[in-house]
Amino acid sequence: MPSVRFRLNGVGKDIDADPDRSLLDILRGQLGMIGPHFGCGAGECGACNVIIDDRAVAACDTPFWSVAGKDVTTIEGLGNAERPHPLQRAFIAEQALQCGYCASGILMSAAALLKRNPAPTSREVKEALDGNLCRCGSHNRMVRAVLRAAKEMATG
Amino acid sequence: MNQPSPPPSKLPVSLVANPLLSSWLKFSAHGQVTVSPGKVEIGQGIVTALAQIAADELDVDISRVQMVRASTAVSPNEGVTSGSLSVQQSGRALRHACAEVRHIFLQLASERLGVDIDTLDVDDGTISGPGNVATSYWELADDVLLDRDATPDAKPKPVARRVLAGASVQRIDIPDKVFARPRFIHDWALPDMLHGRVLRSENARAKLVELNDERARAIADLVAVVHDGSFAGVVSETEHGAEAALQALRKGAVWTAGEPLPDESDLAAFLKAQPTETTIIDKRTAPPSAPKTRTIRRQYVRPYLAHASIAPSCAMAQWNGDRLHVWTHSQGVYLLRTDLALVLNLRAENIAVEHLEGAGCYGHNAADDVALDAVLLARAAGGRPVRVQWSRAGEMSDAPFGAAMAIEIEADLDPSGEIVDWRHSIWSNGHAARPGRAAQPALLAGYELKNPFPRMISTNPPQANGGGGDRNAVPLYDFRSWQIESHRLTTMPIRTSALRTLGAQGNVFAIESMLDEIAAARDEDPVAFRLRHLDDERAKDVICAAAKRAGWKPAKQPGIGYGIAFARYKNTGAYCAVVAEIEGDEDIRVRKLTLAVDVGEAINPDGVINQIEGGAIQATSWVLKERVRFDRQRITSTSWTEYPILRFSEVPNIEVEVIQRPEIDPVGAGEAAHGPVTAAIANAIFDALGVRVRQLPFTREHLVAAMEQAS
């Protein structure tokens, strides 16, 4: 079995797996990471979004071989209860979800946006999240939460 | 003014069914209280609202309240979590139970401390009295026996002494969800767990006539192929292996052509041509106040709608001899257990069904179906647990849909355009085929087995429970005479069951569109028209509040329109009025929705706002985009491309005003917005474009058709 070397949440990995399988399959299966969620398997809903280098990408239709040598960040690498990312704090403060199944993918799209544009407008946030679906209707709260996080990051 | 509701003189309904206090509450010596409701978290925040009620009534900090997931092994049987009834039913029962338990503790404390019960006070579980005497729930926990039935005598606190109920407390499930800690069933891993997938044909109700499993058996990690009639599936050591084996098995399957589906381009004609069972829902007669001079007749159509949760349904099952354990995101663990017992011919006592959260649930989706799938596959797993997850395509085509509806309203008008008679007729499949309520099971695989159960035809809940296809069909307005009838189809080529609001979305769309049309023909303001025909002050208050907040009616601008609509969900639940602002030409964009809502006592006001916002956005999605697509053989809207929902850039601004009425028993908020939002958008389209669109969704195709019909 060929192996793929990449960095996952800042840690170097060398994983033996069929390189044609999807990144999501490897993350959730072999690596036991539950943050990226399966939604459609076709890159249409964003529930499995992770950040590869600096871009938010659907892990379900990213072949595993394509992350060789790259930096992959999942929600697990964004922050945790002890060291939350400002986006995670903001999502709690704004109560920005209902069921929350889409939230991990949306947090990753938002994190990628704030990396390249630390002071987005509300329109820019909506554009950045347009590839993420939310069925419960928490969109406006999520946009507010992203703007809140951006503000917090700017004022340090 | 509203009168405060009288103090409950009898037990709340959920306590009548489950009177044992210890089934609701347990105290530990370590300062924790465990609360075990029968209702489940489906993304609506119910667990937090119930924790607030318990903490408030017991006088403990909310952090001491541990909420237990519903399970047939430990929880009271509260039926199904649906119909916006959880706060009403579980909340009332819990409040009552907590009040009684608090009193039981105080009685014992009074004996132990030797002071009068009325002098005792509770603060975060510590019970204290005059002369610095003190004890606590935790100290007394082992001596207080809660294995006794609730009595009607307990008196919950007066409104003024509630601290948490009525406050916007942060939801207790949200941190887990933003920090990716396992909470969803999809993220749960049991020791030794296997993975299963079920094979289903694309063609509707096709039968499996031949299955060659040679290729599937050659796939790595395969544990078993299961085949029973038209039910077939695979079990594998890995999820990846299960997917691969399923693809291989599909190649070896030969199916019949299946059963024909209706013509999707004329749903009204299809619905009206089917055999039906007709019920007169309501009839009111009075001599006309003025002679009828003309009749207007309009038809409104709503398509089949998909639940379209972001997660495909998932379940786990494990056999141990003739005992079975099931993990599910079903809305009703006891009801699912009943149907599993029927299919398996097993005693219900042998089955434990335990709830784990799924993605947002908007009614009877595939949660129960996938549970039976897992149970059937787990039979071949040698006692190991099997996890089954549906595909996106399966979720979009094999789960029950919300029923299509054709609604006809005829209004007789007098010379001044006032309504003298009103007739409302509905053609629709039933809106409920939930598990656990009939002598036959309502689970998909049950229809596919070699010895299949007959397919359940959806029925409608009785009016006393809010009705089904007829939900909200009886107007709240003061028309002097009316007849409301429901024609429920007795055939069901497309599987339907409960979807958020059941028939209310369609009926409110029809009634509120028709009213708008009648008011416009009289050149009367639609707000004034509604207020003139309503007696209920709470109804008038939400309409006035929404109108005022939206600055009704804003000055005319080209291409922009404003519409208003109102309903009281089920005619007994939450009041909701909406002003919609839309922008339109060939395509409709909803710019803003301004809502006012009255749920009585809002236990968690931010939770209510969250539910109303969510309902308004979901309704906007239904109204602008959604329609289950099919050809004559199969459902074709099996992906997000073919079944688009509203995206971030399309979501309107939303403002919600909650009219807080702490003295009135709370009702749910999750379904209040859909009907009014639908009609308000329709009415705003007329305001902007001068055309009445009566067929959902309001896509370019249906707009053009409406314009052609009008000209």
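The values are calculated or read from the model by the stated rules, or taken from the named source; none is laboratory data. Remember, predicted model here, so these are calculated numbers, not experimental data. Ideal geometry is used to build each Cβ from the backbone, glycine not excepted, and the neighbour counts take in all protein chains shown.
Structural remarks
- Residue satisfying condition, being touching a residue at least 40 places away in the same chain (Cβ under 8 Å), in the same structural domain as A:ASN9 (by TED's automatic domain parsing) and under 26 Å from B:ALA616 (Cβ atoms), within set A:ALA47, A:ALA90, A:ALA56: A:ALA47
- Test for B:GLN695: is it assigned by TED's automatic domain parsing to the domain that holds B:ALA580 and under 20 Å from the mean Cα position of the chain (by Cα): no
Residues are listed down the side, and each one gets a yes or a no for (1) closer than 30 Å to B:ASP339 by Cβ; (2) out of contact with any strand residue (DSSP E or B) (no Cβ under 9 Å at 6 or more places or on another chain):
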residue: B:ARG69; (1), (2): yes, no
residue: B:VAL87; (1), (2): yes, yes
residue: B:ALA134; (1), (2): no, no
residue: B:ALA141; (1), (2): no, no
residue: B:VAL144; (1), (2): no, no
residue: B:ALA154; (1), (2): no, yes
residue: B:ALA180; (1), (2): no, yes
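- The residues of the stretch A:118-142 that are in a loop (DSSP other than H, G, I, E, B) and either under 16 Å from the mean Cα position of the chain (by Cα) or modelled with pLDDT under 95 (or both), listed by number, are A:LEU129, A:ASP130, A:GLY131, A:ASN132, A:LEU133, A:CYS134.
- Of the residues contained in the stretch B:363-373, none is found to be under 27 Å from B:LEU85 (Cβ atoms), without any contact (Cβ under 8 Å) to a residue 24 or more places away in the chain, more than 14 Å from chain A (Cβ to nearest Cβ) and assigned to a helix (DSSP H, G or I).
- Inter-residue pairs, beta-carbon under 8 Å, first more than 8 Å from chain A (Cβ to nearest Cβ) and part of a strand (DSSP E or B) and in the stretch B:643-656, second among the basic types (Lys, Arg) and surrounded by fewer than 18 Cβ atoms within 10 Å (Cβ to Cβ), 6+ apart: B:GLU655/B:ARG549; B:GLU655/B:LYS592
- Among the residues making up the stretch A:75-100, a single one is in contact with a strand residue (DSSP E or B) (Cβ under 8 Å, 6 or more places away or on another chain) and more than 8 Å from every other protein chain (Cβ to nearest Cβ): A:GLY77.
- Qualifying residue in the stretch A:50-69 (condition: of a type outside the set (Gly, Ala, Ser), within 13 Å of the chain's Cα centre (by Cα), away from chain B (no Cβ under 13 Å) and farther than 30 Å from B:LEU646 by Cα): no
- Residues of the stretch B:484-520 satisfying the condition of being part of a helix (DSSP H, G or I) and farther than 24 Å from B:ASN365 by Cβ: B:ALA510, B:ILE511, B:GLU512, B:SER513, B:MET514, B:LEU515, B:ASP516, B:GLU517, B:ILE518, B:ALA519, B:ALA520
- Filter result for B:PHE179 (in contact with a Cys (Cβ under 9 Å, 6 or more places away or on another chain) and either among the aromatic types (Phe, Trp, Tyr) or surrounded by fewer than 21 Cβ atoms within 10 Å (Cβ to Cβ) (or both)): no
- Scanning the stretch A:106-129 turns up at least one residue that is buried (at least 24 other Cβ atoms within 10 Å of the Cβ), within 12 Å of chain B (Cβ to nearest Cβ) and within 18 Å of B:PHE184 (Cα to Cα).
- Residue selected from the stretch B:609-642 under the condition within 21 Å of B:ALA679 (Cα to Cα) and of a type in the set (Gly, Ala, Ser), by the criterion nearest to the other protein chains (Cβ to nearest Cβ): B:GLY614
- The set of residues in the stretch A:130-156 that are on the phi > 0 side of the Ramachandran plot and touching a Cys at 6+ places or on another chain (Cβ under 9 Å) is empty.
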